[in-house]
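To start, the structure itself, in structure tokens.
Bear in mind these aren't lab numbers, they're just calculated from the coordinates by the rules spelled out. Keep in mind that this is a model prediction, so the values were computed, not measured. Cβ placement follows ideal geometry from the backbone for every residue including glycine, while neighbour counts extend to all protein chains displayed.
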Amino acid sequence: MERKMEEFSYFECVRHSLGEAVHRFKDLINIIQGFATLAQPKASEEFVRNALDQIINASKRAIYLSKEILNVTGERRYEMKVFDLNFLIQSMKTKIDVTVEHYIKVVYELSSIPLMVKLDIEAFNEVLTNLIQNALDAMPEGGTIKIKTDVASLLNKEFAVLSVTDTGTGMDEETQKRIFEPFFTTKGAKGTGLGLSIVYRIVRDHEGSIEVESEVGKGTTFKIYLPLIKDVASLTASSAE
Ligand code: ADP
């Protein structure tokens, strides 16, 4: 059973508009804080100095609050750089291997050719960490996580594919339909229901797509497609950004 991310586009539109509005709001507050900070030392009256102090403090709280909202709506700003996906996974191996319990086996199946992709390293870490954490949660009695990289062609475009497969509980169709919704969780108080909505948004922001294949009692595979960078010229230009 496969589900594609396009089905969640209405929610994405709302989230995007909210994120953009919060960014604008934050920029305005920054201006207010900036001018109040400039004016404060020049104010001769104590009352004005105190008023400017209040404005500066309230601005700081508003900026903090905006950042909190942006974390939930996901309208973050990325620092995009070109990486070889295989190299990234290799460099994360040690961290992954120490994260998992001894009763979990992690196997890697990396493609033999470099897979150059453009991504924000922090966001990519978040994606992989979330997928691995979900795989671990689905295998409380142990199992195997396979991390695989590959190339795929979709609509005449080439993509690097990262798959994370587990041998855990799997999901029924009803669950699969809802996994990318924020706050949807089957883990009760232990879950936030935010992990996959964040993964979905990051992948979308990287012009990629995500698919899930799952079978109850057998396990789950998440596949992430990221546009492959093929020509050296665009690669050099991207690295220089
Ligand atoms: P959380 O992990 O906090 O519940 P997520 O958004 O990461 O939030 O996941 C939402 C739900 O998707 C989970 O509660 C679980 O039901 C389901 N899920 C996600 N990954 C897997 C997986 N690998 N195996 C089984 N179920 C999964």
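What the table below lists for this structure:
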quantity: Aspartates and glutamates whose Cα lies under 15 Å from that of Lys230, excluding same-chain neighbours fewer than 8 positions away; calculated: Asp84, Asp150, Glu158
quantity: Where labels lie 7 Å past Cα in the beta-carbon direction, separation of Tyr10 and Glu109 in nm; calculated: 3.8 nm
quantity: When the convex hull of its Cα atoms is projected in every direction, mean area for the chain (nm²); calculated: 17.1 nm²
quantity: Length released on extending from Ile63 to Asp172, taking residue separation times 0.36 nm less the Cα-Cα span; calculated: 35.1 nm
quantity: Protection proxy ranking, peptides 124-130, 221-227, average beta carbon neighbours within 10 Å, highest first; calculated: 221-227, 124-130
quantity: Residue-averaged 222 nm ellipticity for the chain, from DSSP H runs of 4+ at -39500 (n - 2.57), nearest 500; calculated: -16000 deg cm²/dmol
quantity: Distance between modelled label sites at Glu126 and Met80, nm, 7 Å Cα→Cβ extension; calculated: 1.7 nm
quantity: Asp231-Asp27 FRET efficiency (beta carbon distance; Förster radius 35 Å; 0.05 resolution); calculated: 0.45
quantity: The chain, relative contact order in percent, only Cα pairs under 8 angstrom and at least six apart counted; calculated: 21 percent
quantity: Ellipsoid equivalent to the range 27-124 - semi-axes via the Cα gyration tensor, in Å; calculated: 49, 16, 11
quantity: Cα convex hull of the range 99-241 - mean projected area over all directions, nm²; calculated: 9.6 nm²
quantity: Dipole of the chain, positive direction: furthest Cα of Leu85, Leu52, Asn134, with charges on the beta-carbon; calculated: Leu52
quantity: Pairs beyond 18 Å (Cα-Cα), from Lys148/Lys223; Lys26/Lys67; Lys118/Lys157; Lys67/Lys187; calculated: Lys67/Lys187
quantity: Beta bridge orientation in the chain: antiparallel %, DSSP, nearest 5; calculated: 85 percent
